[in-house]
Amino acid sequence: MVLPWGCGHPSLTSHARGLLTSLVTLLLLRLGSAQLRVEGPGHPVTATVGQDVMLPCHLSPRRDARSLEVRWIRDKFSETVHHYHNGQDLYGEQMEAYVGRTELVRDGLSAGSLDLRISGLRPSDDGVYICTVGDGDAYDEATVHLEVSASGADPHLSLGGYEAGGVRVLCRSAGWYPLPQLLWRDASGQHLPSVSQTHSQDQEGLFEIEGAVIVTGSVEGPLSCVVRNSRLQQEQESSLHIAAPFFHNAETWMVLMILAVSIGLGVYLFRKQVEREAELDEYRAKAEELAKEWGEYPSIPQMKEFGFYQWAC
């Protein structure tokens with residue numbers, strides 16, 4: 001007779017339950033050790049052009065990362081910025097732009113820190129980086145936003161000549177990143193509209209911006225050009241005071257321009273009229289000469305033959 005397991009062998013039942021509990025515990029511990037969790041700073045990292053920057057990244061919970069595979073990549077390009085595996089830096093897949101400029105900080109690896117140092121920041125370094133970690137089948141990643149900035153030179157102001165009843169003023173400033181704002185202010189702090197604004201980038205990726213404004217006699221006091229980097233919340237400002245005689249000259253210049261155009265147009269029309277009358281006199285003389293010879297004025301075909309058809313028409 002075969003007894004049920006739970007009835008005939010109570011000691012075996014307790015033993016099986018204990019063994020099952022141990023196996024489940026070991027399995028959970030193994031799974032827990034195999035899982036990875038990577039965390040970034042949770043906020044953008046800001047730095048200026050030319051400086052060194054540290055991109056933070058770490059394991060959570062913190063554990064020894066010296067034997068893991070760590071790869072930093074650019075999100076935009078999906079290319080390798082720095083590669084570390086089992087105690088060694090591997091440069092075979094590194095982007096050319098980062099050669100000799102990156103370092104995985106070794107001091108914190110044993111405590112789970114995966115920080116990457118980038119030296120000599122460039123405008124092209126601006127963007128999103130991904131810190132990836134692998135350990136066998138386990139994998140995780142974290143995103144780090146790097147915001148690179150540069151504050152440019154003081155704006156340079158110059159006069160561009162008379163235009164539209166006022167004086168054209170130019171403002172130019174270089175060495176900015178990202179593209180800055182260019183604003184005009186009068187003495188009371190009121191903004192003036194730009195009539196034109198252009199920008200360009202140099203080989204290093206820094207921006208140069210140029211703007212123009214037309215200032216009339218109604219603008220009193222100094223005129224200011226402000227170039228602002230909204231990322232850094234910094235601005236550079238230069239001012240220029242335009243003396244009243246400039247505006248009087250602008251009015252005089254406008255009058256002279258109108259007068260010159262009027263005189264020029266009058267001279268042109270007078271010359272055209274003189275030429276036309278001379279041609280008509282020539283035609284009349286020729287027509288009278290032919291009339292005396294033929295006893296009558298020439299017909300249209302005859303005038304055409306002698307080159308005077310246009311006047312007959």
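Using the Cβ atoms and a cut-off under 13 Å, what net charge is assigned to the surroundings of L90, where Lys and Arg are +1 and Asp and Glu are -1?
Every neighbour counted, the sum reads -2.
Once you list every other residue whose beta carbon is under 15 Å from the beta carbon of D75, what net charge do they have if Lys and Arg are +1 and Asp and Glu are -1? Mind showing how you got there, number by number?
On the way: positive: R71, R74, K76; negative: E79, D125, D126, E141, E147.
Once all neighbours under 15 Å are counted, the net charge is -2.
Which of the trypsin sites (Lys or Arg not before Pro) across the stretch 89-147 are loop residues per DSSP, with 14 or fewer other Cβ within 10 Å?
For trypsin sites (Lys or Arg not before Pro) across the stretch 89-147 that sit outside H, G, I, E and B with at most 14 neighbouring Cβ atoms in 10 Å, the list reads R106.
Using θ = phi - 60° and the Karplus relation 6.51 cos²θ - 1.76 cosθ + 1.60, list the HN-Hα couplings for the stretch 99-107 in order, rounded to whole Hz, with x at every Gly or Pro.
These are the phi-based 3J(HN,Hα) values: 4, x, 10, 10, 8, 7, 5, 6, 4 Hz.
None of the figures in this text is laboratory data; all of them are computed from the coordinates on show. Since the structure is predicted, the reported quantities are computational estimates derived from the model, not experimental observations. Backbone-built Cβ (ideal geometry, glycine too); neighbour counts: all protein chains shown.
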